[in-house]
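Scroll down for the structure; my scribbles are underneath it.
Read the figures in this text as sums done on the coordinates, not as results from a lab. All values derive from a computational prediction rather than experimental measurement. Cβ atoms come from the backbone with ideal geometry, glycine included; neighbour counts cover every protein chain shown.
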C-alpha cells in the first residue's frame, strides 16, 4: 500500500514536471525566437530557416535602429513618461483610495463615488472627445499629453481600495490615539504595510506607460518627440519613405529584412520590462490575491 502510494506520487510529480517544462518553454520560446530572428541574416529570415537560434549571425537590424539619434530621444521620452507618470499615478490613486476604503459613516460620499467610478470604467467618450479634451488643455505635442491622457485606472483604484479595507482598523485607531492625523495615518501606517498592492499597481502602470504607442500617434505631431513604442512602430515606414539615404546606406538597407527589423524592435521594447519585473515579482501575487479578496 505504501509502495503503491509512493509510485503514484512519483507519477504525479513526473507529470507535473513535464507540464511545467512545457509551460516554461511556451513562455520562453517567443522571446528566444524573437531575439534569434533579430540576429539572423536576411536570407535566413526570408527563407524561414530561423527556429531556435540565429542563422547567419548579424547585428544589422540593431545598427539600423540605433543609427538615428531619434531612437535615443524616444527612449528618453519613454523613461521620463514612465517615471513621472507612474509617480503621479500612484500618488493620486493612493489619495483617492484611502477615503474610499472607509465606511459610509466615516466618508458619506463613498458609495456615490464608487458607482461613478464603475460607470466611467464601463463607458467612455471615445477617441474624438478624448483628443479634443487634450487639445483644449493645450497639451498636444507635449510629454504631458502622454502622461495625463491615460493616467488614472479605475481597476487599480479598486485593487488598492480592497487592500486598504483589509488592514486592521485597530492600527489606524492606535495611531489616532497617539495624536496622528489623516495624513500621518496614511503615510506612516497605511502605505508602509501596503507594499504588495502598491508594487503590483506600480507594475501595471509602468508597463502600461512603456508599451502604449497610440497616444504618441494621436497627441504628438513631431516624430522627434515620439515615445519609444511609437518610434519603433514607425521605423519601417520612415525607412521606406526616406529618400535622403546615401548609396552605401541604401545598400546596407537591402541587406536587412523587415521581419528581422521588426523582431529587433520588439526585443528592444521588451528588455526594460524583463529587467524591471524580477525586482517586484515577490510582491505581485500577494498584491493581486490580497487586493481581490474583499470588495
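Observations on the model:
- Calculated [θ] (222 nm, deg cm²/dmol) that DSSP helices of n ≥ 4 give over the chain, each run adding -39,500 (n - 2.57): -23000 deg cm²/dmol
- Size-normalised alpha-carbon gyration radius of segment 1-81, reference 2.2 N^0.38 Å: 1.88
- Remark: the residue 118-residue 95 segment gains 6.5 nm on full extension, using 0.36 nm per residue and subtracting the alpha carbon distance.
- Our compactness index for the chain, the C-alpha radius of gyration over the empirical 2.2 N^0.38 Å, is 1.31.
- Helix 127-136 vs. the chain, principal-axis angle (Cα, 0 to 90°, nearest 10): 80 degrees
- Cα centroid of segment 146-173 to Cα centroid of segment 29-52, whole Å: 43 Å
- Computed E for residue 279/residue 17 - FRET, C-beta separation, R0 35 angstrom, nearest 0.05: 0.80
- FRET efficiency for residue 184 and residue 83, using Cβ-Cβ distance with R0 set to 35 Å, rounded to 0.05: 0.85
- Its alpha carbons give segment 29-126 an Rg and a Dmax of 24.3, 70 Å.
- Degrees, to the nearest 10: 154-165 long Cα axis against longest axis of the chain: 40 degrees
- Helix 110-122 axis, angle to the chain major axis (alpha carbon atoms, nearest 10°): 20 degrees
- Rg ratio (alpha-carbon, reference 2.2 N^0.38 Å) - segment 35-193: 1.60
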